[in-house]
Amino acid sequence: MRLRTSAAAIAASALIFGSVAGAHASPAPSGNIAPATAAAPAAIPHTVTLDGYSFLVDGNRTYLWSGEFHYFRLPSPSLWLDIFQKMKAAGFNATSLYFDWGYHSPAPGVYDFTGVRDVDELLDMAQQAGLYVIARPAPYINAEVDGGGLPAWLGTKNVHNRTDDPAFLSYADQWLTQIDAILARHQLTNGTGTVIAYQVENEYYNGSATGRAYMQHLEDKARADGITVPLTGNNNGTFNSGTGALDVDGPDSYPQGFNCSNPSSWNGVPNISYDHPAGKPLYSPEFQGGAFDPWGGPGYDKCAQLINDQFADVFSKNNIAVGATAQSFYMTYGGTNWGWLGMPENYTSYDYGAAIRETRQLDPKYYEDKLIGDALASMPDLTKTEAIQTTAPDDSAIVDIARHNPDTGAQFHVLRHSDSTSTAVDKTHIAIDFNARTAGQYTYDDTDPVLQYAGSWSHVANQSYTGSDYKNTESFSNAAGDSLTVPFTGTAIRWIGSKTNNHGYASVYLDGFKQATVDCSGSQSQAVLYQTSGLAEGPHTLKIVVDGSHASGSTDNFVSVDAVDLPPAGSGSGPTYPTVPQEPGTAITLNGRESDLLVADTKLGDSRLQYSTSQLMTSQSIGGRDIAVLYNDQGTDGETVLHYASQPTVQSTDGAVK
């Protein structure tokens, strides 16, 4: 079926399977019956674990979609629940909370957890709203607060802060004893709260023996205080191994920085998986959700324009594309610097240009967060994925970064402009191959002696530009006529290479006959530049020839070889859609700074979604019916292919259905 939308900013279609189940109402009892007093439910402990794919709660994979909130910047407990409920309504299932030592300790040995400092009530409200809590008690939190959260009185003591200095540790332990007692009784693992993770320290990059001893002390202290949830960090991977190793240590990322003066100017998307260790989920404890504004700055409205809904769309989905299954956005509600709370560089407002503004009103970014969050809740297969090989889209301005679930086969394709700062409108088609192999599993590296190079090819390894290449190696040439010949035996072959803005055209020959001219420009590592299958069993020869020319958007004629892959026999059991969408005259459209998260080969209730070029908003079983809601930008095409037992009903908010 094909849906074309036309008038609304976003048009949605609903697919409804099955019929409404029968329902009846029981009559209300008569008379005055005193309500019974309900017994408090017994606490049910839960397990919280993690592996190389995701966090797991009671063995169930869980995507953590989290927003940062500072209760000390909203000193009105009656409003805390409002923020949490707005987060929940925005599709978030978790919140990240700093706990400010200095805010609670006006003097040595004095701790205040009453009134606006009542964090028991805070954690109860998070649980009431249905949010997991990532607790971050420091001792040091930064957060643009005075002293980074270290109490003012600590400055009068002869201690070396944030080290294994026994004097400092003695004071830090006093604080941790107080706050850990509260956090421990709100842990998910106890069944008495929703604290799902505990962050040790904050942005601490000292991997020396002294630094590691300090981290190990804090971890031992947390465990001694009864903390049983996973220990996390935001130290850019410093403590993923060795003394002081955490259960998972992830990278903070603020790709747009903190100068909001030119909100239309973007930096490129980062790859936060650059240092992802095996056996731990890819977790971003702080991903940019806004920016702080200093004295004399352009103001928070400019920060909201810089870190806007388009930013959330492109950058958050790119994190999904590289395998992140836990993202927390700093900030989701910023609030206000009351009294002497803020650091001297900042003024009273800490609005941050966040999804929920200082006034508690909703920024357009809020609604993009909701679209993604609701989709994630409907994509459980996304919590266990591996990168797969893809064929480059037919428009080199667009990249397709794809993953699949190795257990279910479900695929997830993230499309964006290769130049993520581009504001161009581009149309493209992609290929969806249900037999796609995991990226990085190739038959021959570019250095294998089976590959026969002729001409002036360069063969490089371990360079800054080969970091995303297979085995960190690459061969390339820009000289017309240079060639690569690959003799092989089999029924299929794939040429893997990189696409960059200085790459040009190559001609591909199979058994002496020209098959294609390939445009190698763009922005993608380990791209499938050419593939063919269904060949007669037996010997064949692939030849790649550098043409010595390039497209207008490129700057040079380079052609690269990263690997050559021979898919194993029998790998072609599933369908392949070489051109998606299939309907003539239609295409996938990217309107400038936007990204599409497309789903293929996955269950929608009792039916199977082969693919859709519309984005999934939600998929649920409601009243005996399986319902999926998909959406597109106005005036663009959406093509959905389903395998179903019974004809679904299709409803559209706008546009025509074919």
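The values are calculated or read from the model by the stated rules, or taken from the named source; none is laboratory data. No experiment lies behind these values; they were computed from the predicted model shown. Reconstructed Cβ throughout: ideal geometry from the backbone, glycine too, with neighbour counts over all protein chains shown.
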Can you name the condition, by its number, that residue 531 falls short on among (1) in the same structural domain as residue 455 (by TED's automatic domain parsing); (2) modelled with pLDDT of 95 or more; (3) polar (S, T, N, Q)? (2)
So is residue 482 of a type in the set (Asp, Glu), at pLDDT 95 or above and within 15 Å of residue 558 (Cα to Cα) or not? yes
Only one of (1) surrounded by 15 or more Cβ atoms within 10 Å (Cβ to Cβ); (2) farther than 23 Å from residue 417 by Cβ; (3) assigned by TED's automatic domain parsing to the domain that holds residue 495 does not apply to residue 538, and that is (1)
Assigned by TED's automatic domain parsing to the domain that holds residue 204, at positive phi and out of contact with any Lys or Arg (no Cβ under 6 Å at 6 or more places or on another chain) - does that describe any residue in the range 74-93? no
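Here is a list: 283, 205, 300. Which entry is closer than 30 Å to residue 500 by Cα and among the aromatic types (Phe, Trp, Tyr)? Before the answer, list the steps.
Details: 205 fails: closer than 30 Å to residue 500 by Cα; 300 fails: closer than 30 Å to residue 500 by Cα.
It is 283.
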Meets criteria (surrounded by fewer than 22 Cβ atoms within 10 Å (Cβ to Cβ), at pLDDT 95 or above, touching a strand residue (DSSP E or B) at 6+ places or on another chain (Cβ under 9 Å) and not polar (S, T, N, Q)) for residue 294: yes
Looking only at the range 271-291, how many residues end up being under 22 Å from residue 302 (Cβ atoms) and in a loop (DSSP other than H, G, I, E, B)? 3
How about the range 337-384: which of its residues are surrounded by fewer than 22 Cβ atoms within 10 Å (Cβ to Cβ), small (Gly, Ala, Ser) and part of a loop (DSSP other than H, G, I, E, B)? 339, 378
Which listed residue is touching a Leu at 6+ places or on another chain (Cβ under 7 Å) and among the hydrophobic types (A, V, I, L, M, F, W, C), from 580, 629, 641, 599: 599
Which of the strands (runs of 3 or more DSSP E) contained wholly in the range 387-442 include at least 2 residues that are touching a Lys or Arg at 6+ places or on another chain (Cβ under 8 Å)? 398-404, 411-417
Checking the condition closer than 30 Å to residue 496 by Cβ and touching a Phe, Trp or Tyr at 6+ places or on another chain (Cβ under 9 Å), which residue from 625, 608 passes? 608
